[in-house]
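A.B. asks: The structure is given below, and queries will be raised subsequently.
Only the coordinates and a few stated rules stand behind these numbers; no lab work does. These numbers were taken from a predicted model, which means no experiment stands behind them. Please note: Cβ atoms are built from the backbone with ideal geometry, for glycine as well, and neighbour counts cover all protein chains shown.
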Amino acid sequence: MSRTESLVLYEKSDHIAVITLNRPAALNTVNPELTAALREAMDRFEQEDDAWVAILTGAGDRAFCAGMDLKSFAAGHGPEIISGRGGFAGFISYPRTKPVIAAINGLALGGGGEIALACDMVILSETAKLGQPEVKRGIFACAGAAFRLPRRIPVNKAMELLLTGDFIDARTALDLGLANQVVPPGQLMDAARDLASRICANAPLAVRETLALVKASPDMSEAELWEINDAAWDRTLATEDAAEGPRAFTEKREPVWQGK
């Protein structure tokens, strides 16, 4: 295993890929090497036909990701971390088509919080803390939080978090709508796998079409969305899985999805 590969671990079973940021001694902060490794992991996830859902988590119990490695940033490596394919960490604007669940253990700060915002669903450990403290360091949340956070929660609350740099705990994040569940630390990965398994019980291509439409919905008119919706419907009806679903229902059995 190369050093780059060891910085992000990739495991897959039962159509679920588990992607782990693996710099626990550095609170899983993002440097150029981790950026390259996470981008490679996302490429693998997208390319593997039998990988339907991913869980993104951090090694250790202290942090999911505490943001950018400021030593790397101070040494002039910011562009390698922020500006390459996929944006910050090779992830926050990665052009993926499959759902990703963030399983957050401990700190998700700065860029770590923005990685979480780039995921589709979030499971929090009770020990999790989220925050965007960039303004305390003379920069701002340039990896998506400045516009993604106000789309997730009331604008005035987003303003408070972004302009003060204050942290919030897991229960507050849940109350604001930033998380799907909060669970005890020892149950974090089980909860994430349970959610992923419930998604994997469904037709993977139908899930992807639904995901794409949901993600497009904030930025388009209803007329544009109907056009996308109808094209997605035509593609879905042409799949083998679209025939398998009704057939399995008629035959009173569980469907066997082919992903085609």
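A.B. asks: What are the ³J(HN,Hα) couplings of the range 44-51, residue after residue, when phi is run through the Karplus curve with 6.51, -1.76, 1.60 and θ = phi - 60°? Round to Hz, x for glycine and proline.
C.D. replies: Karplus values, whole Hz, x for Gly and Pro: 4, 4, 5, 7, 7, 5, 8, 9.
A.B. asks: Run the dipole for the range 3-200 about the Cα centre, Lys and Arg Cβ at +1, Asp and Glu Cβ at -1, nothing else charged, and hand back the magnitude in debye, nearest 20. Working shown, then result.
C.D. replies: Values: 20 positive and 23 negative charges, 100 e Å.
In debye, rounded to 20, the range 3-200 gives about 480.
A.B. asks: Quick query: amide H of ALA17 versus all other amide H atoms, modeled in the peptide plane; which residues come in under 5 Å with a sequence gap of 5 or more or a different chain?
C.D. replies: TRP52, VAL53, ALA54, ILE55
A.B. asks: Still on this structure: Roughly what % of DSSP beta bridges within the chain run antiparallel, to the nearest 5? Display every interim value, and only then the final one.
C.D. replies: Details: 9 of 32 bridges.
Roughly 30 percent of the beta bridges in the chain run antiparallel, per DSSP.
A.B. asks: Show that you can apply the helix-only estimate: for the chain, add -39,500 (n - 2.57) for every DSSP H stretch of four or more residues, divide by all residues, and state [θ] at 222 nm to the nearest 500.
C.D. replies: Numbers: 11 runs with 112 residues, N = 260.
It comes out at -12500 deg cm²/dmol, rounded to the nearest 500.
A.B. asks: Which residue, chosen from PHE249, ALA212, ALA238, occupies the Cα position most advanced towards the positive end of the dipole of the range 204-250, where the dipole is computed from +1 (Lys, Arg) and -1 (Asp, Glu) charges on Cβ about the Cα centre?
C.D. replies: Value computed over the given set: PHE249.
A.B. asks: Residue by residue through the range 8-18, what is 3J(HN,Hα) from phi via Karplus (6.51 cos²θ - 1.76 cosθ + 1.60, θ = phi - 60°)? Round to whole Hz and write x for glycine and proline.
C.D. replies: Per residue, the Karplus-derived 3J(HN,Hα) values read 9, 8, 9, 10, 9, 7, 6, 6, 10, 9, 10 Hz.
A.B. asks: Can you give the charge dipole size of the range 154-214 about its Cα centre, rounded to the nearest 20 debye, using +1 on the beta carbon of Lys and Arg and -1 on the beta carbon of Asp and Glu? Don't skip to the answer; put the middle values down first.
C.D. replies: On the way: 5 positive and 7 negative charges, 43 e Å.
Once rounded to the nearest 20, the dipole reads 200 debye.
A.B. asks: Return the long-range amide H neighbours of VAL183 (sequence gap of 5 or more, or a different chain), with a cut-off of under 5 Å between placed amide H atoms.
C.D. replies: Residues meeting the amide H criterion: LEU124, SER125, GLU126.
A.B. asks: Sticking with this one: What GluC sites (Glu not before Pro) does the range 208-260 have in DSSP loop regions with at most 11 other beta carbons within 10 Å?
C.D. replies: Working: sites: GLU209, GLU222, GLU224, GLU227, GLU240, GLU244, GLU251; in loops: GLU251.
For GluC sites (Glu not before Pro) across the range 208-260 that sit outside H, G, I, E and B with at most 11 neighbouring Cβ atoms in 10 Å, the list reads GLU251.
A.B. asks: Ok, one more. Could you work out, for the range 55-164, what percent of all Cα-Cα pairs fall into each 5 Å distance bin, beginning at 0 Å and stopping at the bin that holds the largest distance?
C.D. replies: Cα pair-distance distribution for the range 55-164, in percent: 2, 12, 22, 26, 22, 13, 3, 0.
A.B. asks: For q = 0.12, 0.16, 0.18, 0.23 Å⁻¹, what log10 I(q)/I(0) does the range 1-87 give under the Debye formula with an equal point scatterer on each alpha carbon and no solvent?
C.D. replies: -0.35, -0.62, -0.77, -1.14
A.B. asks: Can you sort MET220, MET68 from fewest to most other Cβ atoms within 10 Å of each residue's own Cβ? Can you show the working numbers first?
C.D. replies: Working: MET220 13, MET68 28.
Ascending number of Cβ neighbours within 10 Å: MET220, MET68.
A.B. asks: Lysine pairs in the range 3-200 with Cα distance under 20 Å, only those 8 or more apart or on different chains: how many are there? If you can, show how the numbers build up before the last one.
C.D. replies: Numbers: LYS12/LYS98; LYS71/LYS136; LYS129/LYS157; LYS136/LYS157.
Summing the qualifying lysine pairs gives 4.
A.B. asks: Once amide H atoms are placed 1.01 Å from N in the peptide plane, what residues at a sequence separation of 5 or more from MET68, or on another chain, have their amide H within under 5 Å of its amide H?
C.D. replies: Those lying under 5 Å, H to H, from MET68 are VAL30, GLY111, GLY112.
A.B. asks: How large is the dipole of the range 204-250 about the Cα centre if only Lys and Arg carry +1 and Asp and Glu carry -1, each at its Cβ, rounded to the nearest 20 debye? Walk me through the numbers before you get to the answer.
C.D. replies: On the way: 4 positive and 10 negative charges, 44 e Å.
For the range 204-250, the charge dipole is close to 220 debye.
A.B. asks: Between GLU222 and ARG171, 0.36 nm times their residue separation minus their Cα-Cα distance comes to what? Please list the in-between numbers first.
C.D. replies: On the way: separation 51, 0.36 × 51 = 18.36 nm, distance 3.43 nm.
Here the segment from GLU222 to ARG171 would lengthen by 14.9 nm.
A.B. asks: Which residue, ALA75, THR35, ILE153, has the largest displacement toward the positive end of the dipole of the chain when charges sit on each Cβ (Lys, Arg +1; Asp, Glu -1)?
C.D. replies: ALA75
A.B. asks: How high is the relative contact order of the chain, in percent, with contacts defined as C-alpha pairs under 8 Å that are six or more residues apart? Kindly include the intermediate steps, with their values, before the conclusion.
C.D. replies: Numbers: 477 pairs, mean separation 39.1, N = 260.
Result for the chain is 15 percent.
A.B. asks: Using the eigenvalues of the Cα gyration tensor, what equivalent ellipsoid semi-axes result for the chain when each is taken as the square root of five times the eigenvalue, whole Å, largest first?
C.D. replies: Details: eigenvalues 203, 86, 67 Å².
Working from the Cα gyration tensor, I get semi-axes of 32, 21, 18 Å.
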